[in-house]
Amino acid sequence: MTYESLDDVLDRAWNGHPLTDGNIRDLLALRDEDDLNKLFQTARSIKERRFGNKVFLYGFVYFSTYCRNNCSFCFYRSSNKESVRYRKTLEDIVALASALEDAGVHMVDLTMGEDPFYHGRKKNESLIEVVSSVNDAVGIPIMASPGVLSEDMFLPMKEAGADWFACYQETHNKELFMRLRPHQDYGLRFNQKIWARRAGMLTEEGIMIGVGETIEDRADSLRMMGIEGVQQVRAMTFVPQLNTPMEELRSPSFTEELVTLAVMRLVHQDKLIPASLDIEGVKGLKPRLDAGANVITSIIPPQKGLAGVAQHELDIDTGERSPGNVEDMLAGLSVTVASRSEYQGLVDSWKHRLPQEVLV
Ligand code: SF4
């Protein structure tokens with residue numbers, strides 16, 4: 001560390017005092033094992049002070065893998081002729097969401113590529129119909145992750161029943177963004193979170209680790225997540241995909257992601273931080289929870305012909321990412337699954353506060 005010792009900086013975070021940009025960069029650069037143990041311990045303690053030993057479970061329905069975009073890192077990019085393509089029917093989507101609710105997840109995430117079937121239609125009526133049909137069928141909160149929408153779509157989306165809106169920037173370095181998401185608009189994507197908040201939805205931001213970003217870029221993203229006012233923040237390790245321009249790039253060590261998660265917990269103490277099953281599968285759960293994560297995402301019912309985002313097959317059809325299996329796994333860790341009412345209470349309290357917050 002530069003001016004302050006690591007212990008001083010961790011104490012400051014524990015006591016709820018803001019960290020400087022320099023502190024955040026220094027923490028993100030830690031690699032010494034003893035230092036990392038202190039960082040993870042502090043992140044875990046902060047998480048437990050705020051959320052106890054409870055975790056939340058998110059189910060995931062990737063209902064269309066068609067996409068009009070050509071992101072450099074993504075298996076589902078439009079030019080990948082090898083990509084698995086499907087578009088679930090409305091009935092299937094509702095049935096999958098209902099099955100996840102029955103299995104005990106706290107929230108269902110409706111995700112798709114930017115499928116022209118939905119994005120090409122006037123005012124995206126079909127997309128609104130998906131959200132409202134799922135909302136009619138399930139009693140748990142819903143996240144919409146449909147890609148980039150026009151500003152006038154957010155109120156209808158909220159009124160259809162979306163509690164959350166997710167749209168990951170992946171990086172807040174504009175030049176790197178253009179390489180990752182060619183021909184896409186950085187500002188338009190950034191504004192998705194702002195427009196969703198204004199419409200009354202909770203929001204999630206996410207970054208990718210190992211795509212050419214620097215420690216300074218990661219620190220900047222952590223700062224921007226505060227400005228965006230999102231309630232959930234995530235970091236996911238890049239996984240190379242076949243038939244993409246980045247297929248030769250190797251994944252970084254998972255330590256890079258774990259350190260980022262831990263520093264996120266220090267900086268964003270009240271936010272939810274997911275541990276995604278889409279990167280290392282169920283075996284990656286414990287280190288991510290130990291680094292300060294408190295949500296388990298990408299839970300998928302087996303044998304339903306669904307894909308993951310970062311890894312389209314990982315642990316899905318074997319059932320390892322099914323709700324029952326994840327709960328069994330948690331029994332071996334020192335965490336318990338929160339009740340549905342605890343999660344609903346958290347969502348309601350945040351939604352209640354949104355109108356009073358100053359929006360950027
Ligand atoms: S990351 Fe999303 S928007 Fe980009 S190609 Fe993949 S599915 Fe499409």
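The values are calculated or read from the model by the stated rules, or taken from the named source; none is laboratory data. All figures in this text were calculated on a predicted structure; none of them were measured in a lab. Here the Cβ positions follow ideal geometry from the backbone for every residue, glycine too, while neighbour counts run over all protein chains shown. These area figures cover heavy atoms from the full protein model, side chains too; ligands, DNA and RNA do not enter into them. Shrake-Rupley method; radii C 1.70, N 1.55, O 1.52, S 1.80 Å.
Any of LYS174/LYS271; LYS88/LYS283; LYS54/LYS286 with alpha carbons more than 19 Å apart? Name them for me.
Values: LYS174/LYS271 25 Å; LYS88/LYS283 29 Å; LYS54/LYS286 14 Å.
Too far apart for the 19 Å limit: LYS174/LYS271; LYS88/LYS283.
What part of the accessible area of region 128-279, given as a whole %, is carbon or sulfur when the probe is 1.4 angstrom?
50
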Helix 254-267: angle to the longest alpha-carbon principal axis of the chain, degrees 0 to 90, nearest 10?
80
Extension gain TYR86-SER98, at 0.36 nm per residue separation less the Cα-Cα distance, in nm?
2.3 nm
Virtual paramagnetic centre 7 Å along Cα→Cβ of LEU155, amide N under 20 Å, in region 323-356
351-356
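Over region 143-185, average the accessible area per residue using a 1.4 Å probe and give it in Å², no decimals. List each step's numbers first, then the result.
On the way: 1660 Å² over 43 residues.
Accessible surface, normalised per residue, equals 39 Å².
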Taking the chain, how much of its Cα-Cα pair set, in percent, is spaced more than 38 angstrom apart?
10
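Based on the Cβ-Cβ distance from TRP14 to MET178, what FRET efficiency comes out when R0 is 41 Å, to the nearest 0.05? Before the final figure, lay out the partial values.
On the way: r = 38 Å, r/R0 = 0.94.
E between TRP14 and MET178, to the nearest 0.05, is 0.60.
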Please check: in the Gaussian network model of the chain (C-alpha springs, under 10 Å), which one of GLU280, GLU82, GLU151 has the largest mean-square fluctuation.
GLU82
Grab the Cα-Cα distance for ARG250 and ASN53, subtract it from 0.36 nm times how many residues apart they are, and report the gain in nm with one decimal.
67.5 nm
By the 4.7 Å beta carbon criterion, which cysteine residues of the chain come out unpaired?
CYS67, CYS167
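As an exercise, take the mean of 1/r over every pair of distinct alpha carbons in region 155-289, invert it, and state the Kirkwood radius in angstroms. If you can, show how the numbers build up before the last one.
Values: mean 1/r = 0.0640 Å⁻¹.
Over region 155-289, the inverse of the mean reciprocal pair distance is 15.6 Å.
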Max mean-square fluctuation residue, GNM over the chain, Cα-Cα springs under 10 Å, options ARG198, ARG77, ARG85
ARG85
Can you give the convex hull volume of the alpha carbon atoms of region 97-216 per residue, in Å³?
119
Which angle from 0 to 90°, rounded to the nearest 10, does the C-alpha axis of helix 125-137 make with the longest principal axis of the chain?
80
Please determine, in degrees from 0 to 90 and to the nearest 10, the orientation of helix 186-199 with respect to the longest principal axis defined by the Cα atoms of the chain, where the helix direction is its Cα long axis.
80
